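K.L.:
First the structure, then my questions, so here it is.
All of the numbers you see were taken from the coordinates with simple rules; none came from a lab. These numbers come from a predicted model, not from an experiment. Note that we place each Cβ from the backbone using ideal geometry, even for glycine, and neighbour counts take in every protein chain shown.
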Amino acid sequence: MNIRRIQQQIRAVAVSEGAGVSVHRTIGTSALKNLDPFLMLDHFGSDDPDEYIAGFPEHPHRGFVTLTYMLDGHMEHRDSMGNRGDLRAGGAQWMKAASGVIHSEMPQQTNGLMRGFQLWINLPAAEKMSDPAYQEFAPEAIPEVAGEAARVRVLAGEYAGRRGAIDDPHSDLHYLDVSLQANACFSWPLKLAYSAFMYVYEGGAKIEGSDLPQHSLTVLGKGDSVQLDAGPAGARFILVAGRPIGEAVVQYGPFVMNTRDEIEQAMRDYRDGSLVRAKAAMHAVV
Ligand code: MN
């Protein structure tokens, strides 16, 4: 067995996004531009509504998938496919922007809390200009494995024989939300060549005795197993893995393509109102 070691640790950088929402970014910063197939990870969370109430009004995406997971609060959204809804705490939204989506995302607090993650997952060249697609997963639709020392929500991939709710076929996405009791051990078999990271959002954990502090992202080195221990206050973290795409990444804000020409095309399309090519898509709520 080849245990995955700590390859890199990235402290979250506070970034102002949308209409002035403060997010904690790790993947997608100068310290870690991307982690193929992952393009960006934002952790948003605040008990001060002034920091996020303006939300993310209408904005475009092209060339990748956004996956939003709400921990607390909820998120009102609507998009150019005709979807509109309210993503609840514990629920997830998978949106394949592909050839183009324009949407708004407006986070709201519940009992003074609002917290979640947004992950951008790249698409291979052959999929970047395909039709958009959308799936929303209610909290009840996400399988949960509850043991004595660990509670694991399986958003995508497999854990302890349970298959996750979300299928992101181009990255073979694996995505766990793990809660560990104080000093508990955790292990998970993982494909050797997949990119993998974890982000501790409560408490702390250790890998081979090295600390993984709160609000930091740990890139895991190659290996076929993840093994870690929770700290004395327990740990809550997401653990995410996916198959690298291995293609050129050219990003300009919300457009992620393979070449500079394709980025310029996306900017022209957005300017002249032709970014959204497929307005009608199935609205699937699971
Ligand atoms: Mn967006």
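K.L.:
Rounded to the nearest 20 debye, what is the charge dipole size of the stretch 6-278 about its Cα centre when +1 sits on each Lys and Arg Cβ and -1 on each Asp and Glu Cβ? Walk me through the intermediate numbers first.
P.N.:
On the way: 23 positive and 35 negative charges, 88 e Å.
About 420 debye.
K.L.:
Lysines near Lys206 by alpha-carbon distance under 29 Å, same-chain residues fewer than 8 away left out - which ones?
P.N.:
Straight-distance partners of Lys206: Lys33, Lys191, Lys222.
K.L.:
Using θ = phi - 60° and the Karplus relation 6.51 cos²θ - 1.76 cosθ + 1.60, list the HN-Hα couplings for the stretch 115-124 in order, rounded to whole Hz, with x at every Gly or Pro.
P.N.:
7, x, 10, 10, 10, 9, 10, 6, 10, x
K.L.:
As a test of the formula, what do you get for the chain when each DSSP H run with n ≥ 4 contributes -39,500 (n - 2.57) and the sum is divided by the residue count, at 222 nm and rounded to the nearest 500 deg cm²/dmol?
P.N.:
Numbers: 2 runs with 16 residues, N = 286.
For the chain, the value works out to -1500 deg cm²/dmol.
K.L.:
With axes computed from alpha carbons, what is the tilt in degrees of helix 260-271 against the longest principal axis of the chain, rounded to the nearest 10 within 0 to 90?
P.N.:
Around 60 degrees separate the two axes.
K.L.:
Note the full-extension length gain between Val250 and Asp172 as 0.36 nm times their separation in residues minus their Cα-Cα distance, in nm to one decimal.
P.N.:
Values: separation 78, 0.36 × 78 = 28.08 nm, distance 2.19 nm.
Roughly 25.9 nm would be gained on extension.
K.L.:
Give the residues of the stretch 194-223 whose amide nitrogen is closer than 17 Å to a point set 7 Å from the Cα of Asn183 in the direction of its Cβ.
P.N.:
Residues passing the 17 Å test: 204-210.
K.L.:
Could you point to the residue in Ala182, Ser22, Gly112 farthest towards the positive end of the chain's charge dipole, with +1 and -1 charges on the Cβ of Lys/Arg and Asp/Glu respectively?
P.N.:
So the residue furthest toward the plus end is Ala182.
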